[in-house]
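A quick write-up on the structure given underneath.
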Amino acid sequence: MAPSLSIFFLFIITFCVTLTAAAAGHYSLQTFFPLPAYQSLIKHAKTPKPKLPFKTRYFPQTLDHFSFHPKSSKIFYQKYLINTQYWHKGSPIFVYTGNEGDIEWFAANTGFMLDIAPKFRALLLFIEHRFYGESMPFGKDSYQSAKTLGYLNSQQALADLAVLIRSLKQNLSSEASPVVVFGGSYGGLLAAWFRLKYPHIAIGALASSAPILQFDKIIPWSSFYDAVSLDFKDVSQNCYEVIKGSWAELVAISTRKQALAELSKAFRTCKSLHSTASVLEWLWTAFVYTAIVNYPTEANFLKPLPAYPVQQMCKIIDKSPSGETKLSRAFAAASLYYNYSQTENCFEVEYEVDPHGLHGWHWQTCTEMVMPMTCSNESMFPPSGFDYKRFAEQCRMKYGVLPRPHWITTEFGGERIEKVLKRFGSNIIFSNGMQDPWSRGGVLRNISATIIALVTEKGAHHVDFRAATKDDPDWLIQQRRQEVEIIQRWLDEYYVDLRHA
């Protein structure tokens, strides 16, 4: 799910499955299953924080909102960013529901809220998710074991939002200010769920690229990777076929005696490879995330990329010399994702860093955020299934816990989620772009007069949340205009009701 990844974020989840290549016999490779939008990275790198028009604050947050054990009342300091430039008492408060990463990263990629703040005279609030960024309940020991990580889940995160928002309104002496929540990807899930769970706090939610139907068996498990493949296939059949055929070439090379040395040279790795699986994941990551962030303008969300990067990747493949192998063409295309800025002399294939602090997502996918995914024969990725027993065993070995694959649908609604939304929900916008693979798990049609789906054929992962630019296409300008009009309607209705209360 993205960036907030909106993503749903978004987001990443890595499973190990066995791929069978007919030409090479049985060969075990590691395949890569993304979370709501972001790559699974192994090392947290310190990067300069972007300069943003926000003040940084810290809120004394309760560790456990749902029990009364002695440890429950432990306080940790939850980070949030605030902008009051256009706000005055009684005006709306726009809240971004932080996802799985540093809150500055999401604030830097959610310019839409800054763009519309003057019109609404809105206070802007970006709240960091517990166990991410600086919001660590146990400091450096927060990831030490399941005893500490057990407090990392979506229900606690939603309660954090509720408590912080109520306290802020009281401190501002502006308890009548209406609140609208915004989120993308996993943050989009949180925004929609917050409106359902805390309708007395937020009058509406804009959930961009929120894969709310990605759980259990609500949609076909192959939907995500089928959509990634279609993005490339729609640009060029040849591009799709080259990528689809590159995996078999990789498997064939992996059986050679000098496979690692050969691949290290071919992929210009900074350090000698230890596993061919890392090459597969490196390629896989590039194609998946390029499809997710196939924005119509240049952007630097996951990586610096040109406008419509899928088209640019396919152009590289289609213009390659006829004598090139499919694997070498795939490498050339994937290099666009990792080196569009032309600053890399070699590639850290096995040692990619985590500049945004996303690693807590592994715990979340091993507990409640279980989104099964498979690759069908129609996919450009090797066919694979979802082995829940193997996945659960990996989680048990890593954390000592087992996933609860049905918890999200139990807590927030399963196959009848649309009926739940229609009966109990109101004032939610689900925005999705069909270029985004996560859109297949999103709400793509209006559920009621107040549960609205805004769908664009060329949109990518919460592209509507990005800051407006002079190069934005008309369809994106229109989508944002619709969102603003709907939010204005919510606020107008709220203030009318307030005057008559």
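The values are calculated or read from the model by the stated rules, or taken from the named source; none is laboratory data. On a predicted model such as this, the values are computed, not experimentally measured, just so you know. Don't worry about glycine lacking a Cβ; one is built from the backbone with ideal geometry, like all the others, and counts go over all protein chains shown. When the accessible area is computed, the model is the full protein with side chains, heavy atoms only, and any ligands, DNA or RNA have been set aside. Shrake-Rupley method; radii C 1.70, N 1.55, O 1.52, S 1.80 Å.
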(message) Suppose the filter is under 18 Å from residue 454 (Cα atoms) and β-branched (Val, Ile, Thr); does residue 228 pass it?
(response) no
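Quickly run through the range 140-149 and pick out the residues that are open to solvent by less than 40 Å² (accessible area, probe 1.4 Å) and either outside the structural domain of residue 189 (by the TED database) or within 24 Å of residue 183 (Cβ to Cβ) (or both).
142, 149
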(request) Working only within the range 234-270, note down all residues that are acidic (Asp, Glu) and open to solvent by 60 Å² or more (accessible area, probe 1.4 Å). (result) 234, 241, 262
(message) Restricting to the range 327-375, give me the number of residues that are of a type in the set (Ser, Thr, Tyr), in a loop (DSSP other than H, G, I, E, B) and open to solvent by 30 Å² or more (accessible area, probe 1.4 Å).
(response) 4
(request) Keeping to the range 111-139, report how many residues are over 20 Å from the mean Cα position of the chain (by Cα) and either of a type in the set (D, E, K, R) or in a strand (DSSP E or B) (or both). (result) 5
(message) Scan the range 196-210 and tell me whether some residue there is touching a Phe, Trp or Tyr at 6+ places or on another chain (Cβ under 8 Å), open to solvent by less than 10 Å² (accessible area, probe 1.4 Å) and more than 18 Å from residue 490 (Cα to Cα).
(response) yes
(request) Tell me, please, whether a residue that is out of contact with any Lys or Arg (no Cβ under 6 Å at 6 or more places or on another chain), open to solvent by 70 Å² or more (accessible area, probe 1.4 Å), within 30 Å of residue 409 (Cβ to Cβ) and not basic (Lys, Arg) can be found in the range 213-223. (result) yes
(request) State yes or no: is residue 78 crowded, with 24+ Cβ neighbours inside 10 Å, over 30 Å from residue 492 (Cα atoms) and touching a Phe, Trp or Tyr at 6+ places or on another chain (Cβ under 9 Å)? (result) yes
